[in-house]
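Below is one structure, written out as structure tokens; comments come after it.
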Amino acid sequence: MNQSSTLDDLYREIAPDLARVEVEIAASLADDEPVIAEMTNHASRFGGKRLRPALSLLVARAAGGITPRHARLGAVVEMIHLATLVHDDVIDGAGLRRNQPTVNAAWGNYEAVLLGDVIFARAINLLARLKDERALLSLTTAVSRLCSGEILQNRHRRDVALSEDLYYQIIESKTAELYAAGCELAAHLAGAPDLVLRNLSTYGRELGIAFQIVDDCLDLVGDEKIAGKSLGTDLEYGKMTLPLILFRNTSGPRERRLLESVISGGCAPAEEVRRLVSLLSRDGAVDGALARAREHVERASVAARRVLPESAWAPLEALGEFVIRRRI
Ligand code: FPP
Ligand code: MG
């Protein structure tokens, strides 16, 4: 399948609705103070393809139809995502996002933390104006879980023994919850019944898990020029991600010592990092993690197929395919 044309087709079909999402985001992030306007304008470009609003719109279309409120929902979800990226780049000390300097690189950590708060507050303001209790409860719960996931992740930095269960708990919280909420609420605002809501929430959660596993693989073996963001920060900060867990579970004592040195040792020599990365590819750990991501995309499809006719689930499957194949 030609991935980019499929994705382009999908985006073309929802282009007018995505344009409405852009209008909502721009209006919400506008500021009379030029200093703040410049910063929010810079950060609003971090969303790239606007995957989360596109997902909400495609789910809405599949579950009963896009309404004017979906543009607002898409904008809220995207702005929450943008705020988390601004904070995440401070935490990761990242310098590049979407081929632009991160907010912390451009204006320093002090202002980046506060700008993340500004964007998050504007997102909640817009959410309040949606006047939907379910959306308010579900999205604020998702943000709270997202922060818990980040705290848990930090507690387990440099923990070579991190279990697969805990890894999944972390990525479900920090990434998949927001996907699940965005899909569930899109179906809710489209007037879909409970069974559809539950299955589309599962669709979003499984897609989000797959997205993060692919992200974790790209952090190790991706190309910064293609991804447009800082890579390699997971090893630098000792984050045990799925490819590393799979490598640990199958490697011999020498490889395991190398892994321990890179993960728990603080700043490992660049040569050790390079050797570990090449072993991760050679011994199949990255492919194993990508195969796992594919399983989650398949689970997402099963959930969508359970409640939707083929014409409705086919676009959602195409989005799953993009999540697996993406290099950005
Ligand atoms: C990306 O992780 C980060 C997240 C999915 C969530 C980060 C969330 C926070 C820092 C909390 C923010 C809280 C509020 C209230 C705004 P990653 O580093 O694996 O992905 P990356 O490769 O895109 O950097
Ligand atoms: Mg990061």
Cross-link reach from Lys174 to lysines, straight Cα distance under 17 Å and at least 8 residues apart if same chain, gives Lys239
Rounded to the nearest Å, the spacing of the alpha-carbon centers of the range 258-320 and the range 238-253 is 13 Å
Contour minus Cα-Cα span, Arg325 to Glu295, at 0.36 nm per residue, comes to 9.5 nm
So the FRET efficiency between Ala314 and Thr250, C-beta based with R0 = 56 Å and rounded to 0.05, is 0.95
By the mean-Cβ-within-10 Å protection proxy, highest first, 275-287, 145-157, 196-208 rank as 196-208, 275-287, 145-157
Nearest 10, in degrees from 0 to 90: the angle of helix 177-189 to the longest Cα principal axis of the chain is 20 degrees
Under the rule rounded for a/c under 1.5, else prolate if a/b exceeds b/c, else oblate, using alpha carbon gyration tensor axes a ≥ b ≥ c, the chain is classed as oblate
Each label sits 7 Å from Cα toward the beta-carbon; between Ser144 and Ser163 the label points are separated, in nm, by 2.5 nm
Ranked from fewest to most other Cβ atoms within 10 Å of their own Cβ, Trp107, Trp313 fall in the order Trp107, Trp313
For the chain, the longest principal axis of the Cα atoms and the Cα long axis of helix 285-307 enclose an angle in degrees, to the nearest 10, of 20 degrees
Note: Leu137 to Ala26 extended length (0.36 nm per residue) minus current alpha-carbon separation gives 37.5 nm
Taking the chain and counting helices only, DSSP H stretches of n ≥ 4 at -39,500 (n - 2.57) each over all residues, the nearest-500 ellipticity at 222 nm comes to -25000 deg cm²/dmol
With 0.36 nm assigned to each residue of separation and the Cα-Cα distance removed, Cys267 to Glu13 gains 86.7 nm
Note on the range 72-175: alpha-carbon gyration tensor, axes a ≥ b ≥ c; rule is a/c under 1.5 for rounded, else prolate if a/b larger than b/c, else oblate; result oblate
Nearest 10, in degrees from 0 to 90: the angle of helix 253-264 to the longest Cα principal axis of the chain is 60 degrees
Expected sort for 81-94, 16-29 on mean C-beta neighbours within 10 Å, highest first, is 81-94, 16-29
Distance in Å, no decimals, from the C-alpha centre of the range 164-216 to the one of the range 1-73 is 18 Å
Most exposed to least, judged by fewest other Cβ atoms within 10 Å, Val307, Val297 sort to Val307, Val297
Assertion target for Thr141, Thr102, ordered by fewest C-beta neighbours within 10 angstrom first, is Thr141, Thr102
By the C-alpha gyration tensor axes a ≥ b ≥ c (rounded if a/c is under 1.5, else prolate when a/b exceeds b/c, else oblate), the shape of the range 120-209 is oblate
The simple spin-label model distance between Leu195 and Ala37, using points 7 Å out along Cα→Cβ, in nm, is 5.2 nm
The simple spin-label model distance between Thr67 and Arg98, using points 7 Å out along Cα→Cβ, in nm, is 2.9 nm
Charge tally for neighbours of Met39 with beta carbon under 11 Å away, counting Lys, Arg as +1 and Asp, Glu as -1, is -4
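We did not get these values from a lab; they are worked out from the coordinates using the rules stated. Remember, predicted model here, so these are calculated numbers, not experimental data. Positions of Cβ are generated from backbone atoms using ideal geometry, with glycine treated the same way; all protein chains shown enter the neighbour counts.
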